[in-house]
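Worksheet: one structure, shown below.
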Amino acid sequence: MNAGREFTKGIWTENPVLRLMLGLCPTLAVSTAVVNGIGMGIAATFVLLGSNIVIALIRGVIPAKVRIPCYIVVIATFVTIADLTMHAYTPQIHEALGIFLPLIVVNCIILGRAEAFASKNSVTMSVLDALGMGLGFTLALLALATVRELLGTGGLDLRALAFQIPRFKPAIIMILPPGAFVTLGIMMAGMNKLAELQEKKRLQRAAEEKLEEKQEEA
Amino acid sequence: MDVGHLLVIVLGAVFIHNFVLNRFLGICPFIGVSKKIDSSIGMGMAVAFVMTLAGGVTWCVHHFLLVPLNATFLQTVSFILVIAALVQLVEMFLQKNSPTLYSALGIYLPLITTNCAVMGVALLNIREGYSLIEALIFSFSAAVGFTLALLLMAGIRERLELVQVPRAFRGAPIAFIVAGLMAIAFMGFAGMKL
């Protein structure tokens, strides 16, 4: 098995949000500002990493019949850790994320990776998988949040670094719920188009190679 | 109990803060099960049933178990376990006592455990500080709002099948854009003075 591929697949080819369509609720809800997106991304990555490690460690011990409840308890434990830690150290982000922080527990990305990957693979592979998937989730969140914050408020506010585009009239609808749906729809369509183009290129290359082989044979 | 106050909760949960279109809860089934009107009705009924039950049970767990034991930090763990167990119980109960209902709702029940709307309603009941009756009414009307959005979406998507959509937009992307337009329409309710 290729360790590098386990890491990079989550970022592009199997991006949890844009390709697998998992974890959509938090993505749509917290992408009103880039800071919230980063907070959510880090929290989800931490939970994913912790649960993947523990599940990979105990996968031999859990009876198959009760595996899902076991996974849920492991995930809920890490969610509680993340929730309380963020409440203590980053109260503003904790406030902004609201119920979506405890709701990481029902985020399908995490249970999905536990069931599909960590329960069948070694700890090292599971760590790579968790990091890749977490990064993919965070990047998708960041892309969505950047577009929405830029268009919706006419600038970015990253605490230390804040700027406004001069003479730009913000479209408030972008930070309201409809903006989230429409932006994500357009982003997904963009991903589909890119995947289609890549596929076409791959097919073309394969055809050319075949042609060359035939010519060589002849 | 003031009836007007309850009405405000109902209207707020169904229209103004619609679970799907305003609070972004239950997006996965909203996109996944909204291809046919029949299946969206089945999903809506199953969600309404489980959500009301889960809303009531988690409220009791919080107020009679976690608060007296001073263990509210166990909220996330206990709620998700209660919901998962409840869904299993409902499934077994229906299978034994009402096969017709089971065959109608059966396939949707396992999906509900990971439906964030159920967990969301349980958490919101506590955060808003509702009483038990308010919590039950809020849970049920939230489910009605979810079903309403699901049904409207299914109606639109059945028509969408017949329309020529650019290939990259087929499936989920166009569904999200339609949901965005629906959300704009639902924003009109935010102007209601209650």
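Picking from residues in segment A:20-36 that are outside any loop (DSSP other than H, G, I, E, B) and away from every other protein chain (no Cβ under 14 Å), the one that is most open to solvent (accessible area, probe 1.4 Å) is A:V35. Counting only residues that are crowded, with 17+ Cβ neighbours inside 10 Å and in contact with a Ser or Thr (Cβ under 8 Å, 6 or more places away or on another chain), segment A:141-173 holds 8 of them. Of all residues in segment A:125-155, those that are in contact with a strand residue (DSSP E or B) (Cβ under 6 Å, 6 or more places away or on another chain) and either aliphatic (A, V, I, L, M) or under 28 Å from A:L49 (Cα atoms) (or both) total 0.
I'd like to know if segment A:57-71 contains one or more residues that are in a helix (DSSP H, G or I), among the aliphatic types (A, V, I, L, M) and open to solvent by less than 30 Å² (accessible area, probe 1.4 Å).
Taking segment A:57-71 and keeping what is in a helix (DSSP H, G or I), we get A:57-58, A:64-71.
Keeping just the survivors that are among the aliphatic types (A, V, I, L, M) gives A:57-58, A:64, A:66, A:68.
Filter again for open to solvent by less than 30 Å² (accessible area, probe 1.4 Å), leaving none.
No, segment A:57-71 contains no residue that is in a helix (DSSP H, G or I), among the aliphatic types (A, V, I, L, M) and open to solvent by less than 30 Å² (accessible area, probe 1.4 Å).
When B:L111 is tested against (1) in contact (Cβ under 8 Å) with a residue 40 or more places away in the chain; (2) away from chain A (no Cβ under 13 Å); (3) open to solvent by 80 Å² or more (accessible area, probe 1.4 Å), exactly one condition is not met: (2). Where helices (runs of 4 or more DSSP H) fall entirely within segment B:1-82, those with at least 3 residues that are buried (at least 16 other Cβ atoms within 10 Å of the Cβ) and small (G, A, S) are at B:37-60. Selection of first residues in segment A:117-134 that are of a type in the set (F, W, Y) and of second residues that are at pLDDT 90 or above, restricted to Cβ pairs under 6 Å at least 6 apart or on distinct chains, gives the following pairs, ordered by first then second residue: A:F117/A:D129.
Quick check on my filter: what residues within segment A:3-19 are free of Cβ contacts under 8 Å to residues at least 40 places away in the same chain and either crowded, with 24+ Cβ neighbours inside 10 Å or not β-branched (V, I, T) (or both)? Give the steps one after another, and end with the answer.
Taking segment A:3-19 as the starting set, the residues that turn out to be free of Cβ contacts under 8 Å to residues at least 40 places away in the same chain are A:4-5, A:13.
Result: A:G4, A:R5.
Residues in segment A:158-194 that are assigned to a helix (DSSP H, G or I), in contact (Cβ under 8 Å) with a residue 12 or more places away in the chain and either out of contact with any helix residue (DSSP H, G or I) (no Cβ under 7 Å at 6 or more places or on another chain) or over 21 Å from B:R170 (Cβ atoms) (or both): A:I172, A:I173, A:M174, A:I175, A:P177, A:G179, A:M191. Within segment A:42-56, the residues that satisfy the criterion of being open to solvent by less than 20 Å² (accessible area, probe 1.4 Å) and not hydroxyl-bearing (S, T, Y) are A:A43, A:A44, A:V47, A:L48, A:G50, A:N52, A:I55, A:A56. Test B:L124 against the stated conditions and say whether it is facing another protein chain (nearest Cβ under 7 Å), assigned to a helix (DSSP H, G or I) and either modelled with pLDDT under 95 or within 18 Å of the chain's Cα centre (by Cα) (or both). Criteria met by B:L124.
For every residue, the table says whether it meets (1) surrounded by 24 or more Cβ atoms within 10 Å (Cβ to Cβ); (2) within 14 Å of another protein chain (Cβ to nearest Cβ); (3) more than 10 Å from the chain's Cα centre (by Cα).
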residue	(1), (2), (3)
B:L89	no, yes, yes
B:M92	no, no, yes
B:L101	no, no, yes
B:E128	no, yes, yes
B:S131	no, no, yes
B:E134	no, no, yes
B:F146	yes, yes, no
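Hey, A:A143 hits all of (1) without any contact (Cβ under 8 Å) to a residue 12 or more places away in the chain; (2) in a helix (DSSP H, G or I); (3) away from every other protein chain (no Cβ under 14 Å) but one; which does it fall short on? In the conditions (1) without any contact (Cβ under 8 Å) to a residue 12 or more places away in the chain; (2) in a helix (DSSP H, G or I); (3) away from every other protein chain (no Cβ under 14 Å), A:A143 misses (1) alone.
The set of residues from segment A:83-102 being surrounded by fewer than 23 Cβ atoms within 10 Å (Cβ to Cβ), among the hydrophobic types (A, V, I, L, M, F, W, C), facing chain B (nearest Cβ under 10 Å) and within 19 Å of the chain's Cα centre (by Cα) comprises just one member, A:I99. Residues that are open to solvent by less than 10 Å² (accessible area, probe 1.4 Å) and within 14 Å of chain B (Cβ to nearest Cβ) were ranked within segment A:108-136; the one that is farthest from A:V66 (Cα to Cα) is A:I109.
For first residues located in segment B:33-47 and under 10 Å from B:L150 (Cβ atoms), partners that are open to solvent by less than 10 Å² (accessible area, probe 1.4 Å) and not in a helix (DSSP H, G or I) and lie 6+ apart or on another chain with Cβ distances below 7 Å form the pairs B:S40/B:S34; B:V47/B:N115.
Criterion applied to B:P166, B:P173 was being free of Cβ contacts under 8 Å to residues at least 12 places away in the same chain, open to solvent by less than 20 Å² (accessible area, probe 1.4 Å) and not acidic (D, E), and the one residue passing it is B:P173. Looking for something closer than 25 Å to A:I173 by Cα and within 11 Å of another protein chain (Cβ to nearest Cβ) - is there at least one such residue anywhere in segment B:156-165? Yes, segment B:156-165 contains at least one residue that is closer than 25 Å to A:I173 by Cα and within 11 Å of another protein chain (Cβ to nearest Cβ). Applying the set (1) touching a Gly at 6+ places or on another chain (Cβ under 9 Å); (2) without any contact (Cβ under 8 Å) to a residue 60 or more places away in the chain; (3) not in a loop (DSSP other than H, G, I, E, B) to A:K201 leaves exactly one unmet item: (1).
The values are calculated or read from the model by the stated rules, or taken from the named source; none is laboratory data. Everything quoted here is computed from the prediction, not taken from an experiment. Cβ sites come from the backbone with ideal geometry, for glycine too, and all protein chains shown count toward neighbours. Surface accessibility is based on the protein's heavy atoms, side chains included, excluding ligands, DNA and RNA. Shrake-Rupley method; radii C 1.70, N 1.55, O 1.52, S 1.80 Å.
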